[in-house]
Ligand SMILES: C[S@@+](CC[C@H](N)C(=O)[O-])C[C@H]1O[C@@H](n2cnc3c(N)ncnc32)[C@H](O)[C@@H]1O
């Protein structure tokens, strides 16, 4: 499942993805995507209102997920959850609430500005069981069997080596751990004028 890009093209895609999401962090997602983001996106994905009742407006506004990883299964109190490609941290904070004071949620993202924004968002709630760090889905900076649940929302479509990213998620999960992944997939061939275009990765 590696992409068929040359090394030069892969470097361009990686840099362009980082550049796009540093722009999203700076200006907010509303102007950057063709699907509902922010509070409208949260509503569309049916996040239970009781889980986000006290989330500050800034946290809601920075959501740019494409689905709801919590709709795929429960997170139990006391669990350790990793959010791969956490963006500004909305899902990481939902996971921290579900895991509770005896559990923990860690958000990881490749874009420094997103991590900065996630930390600023989390500071508004000041929960002790949530943290953020930079890193890549394809090379997770965690030991084997560290998490009960790995969640991700709108990120695996952006990874250049999907097999490696899935292997990494599997590696950091405890035996019997769960992967709850929301993403976009192509359901039909692209129109010929779009096919094979490098900027499909980051537009
Ligand atoms: C569509 S946004 C989703 C953000 C967040 N999950 C949410 O629901 O609001 C995609 C995020 O994935 C991050 N990302 C892209 N490629 C990545 C990779 N290979 N490893 C980790 N994060 C990545 C981007 O920086 C961006 O923050």
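The values are calculated or read from the model by the stated rules, or taken from the named source; none is laboratory data. Keep in mind that this is a model prediction, so the values were computed, not measured. As a convention, Cβ positions derive from the backbone with ideal geometry for all residues, glycine included, and neighbour counts pool all protein chains shown.
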note = Expected single match for more than 9 Å from the ligand (Cβ to nearest atom), without any contact (Cβ under 8 Å) to a residue 40 or more places away in the chain and touching a helix residue (DSSP H, G or I) at 6+ places or on another chain (Cβ under 9 Å) among 148, 144 is 144
Exclusive hit being closer than 21 Å to residue 29 by Cβ, near the ligand (Cβ under 8 Å from one of its atoms), at pLDDT 95 or above and part of a helix (DSSP H, G or I), set 83, 91 = 91
task = Using the structure shown, decide if residue 188 is in contact (Cβ under 8 Å) with a residue 24 or more places away in the chain and surrounded by fewer than 16 Cβ atoms within 10 Å (Cβ to Cβ).
result = no
inquiry  = Restricting to the stretch 135-162, and then to whatever is part of a helix (DSSP H, G or I) and out of contact with any strand residue (DSSP E or B) (no Cβ under 7 Å at 6 or more places or on another chain), can you tell me which residue is farthest from residue 118 (Cα to Cα)?
reply    = 162
query = If you scan the stretch 1-30, which residues turn out to be outside any helix (DSSP H, G or I) and touching a helix residue (DSSP H, G or I) at 6+ places or on another chain (Cβ under 8 Å)?
reply = 1, 2, 3, 5, 28
task = Could you look through the stretch 165-178, keep only residues that are surrounded by fewer than 17 Cβ atoms within 10 Å (Cβ to Cβ) and within 16 Å of the ligand (Cβ to nearest atom), and pick out the one that is farthest from residue 33 (Cα to Cα)?
result = 171
task = Taking the residues in the stretch 105-134 that are in a helix (DSSP H, G or I) and away from the ligand (no atom under 13 Å from the Cβ) as candidates, determine which candidate is surrounded by the fewest Cβ atoms within 10 Å (Cβ to Cβ).
result = 123
note = Among 125, 158, the single one that is modelled with pLDDT of 95 or more and over 23 Å from residue 17 (Cα atoms) is 125
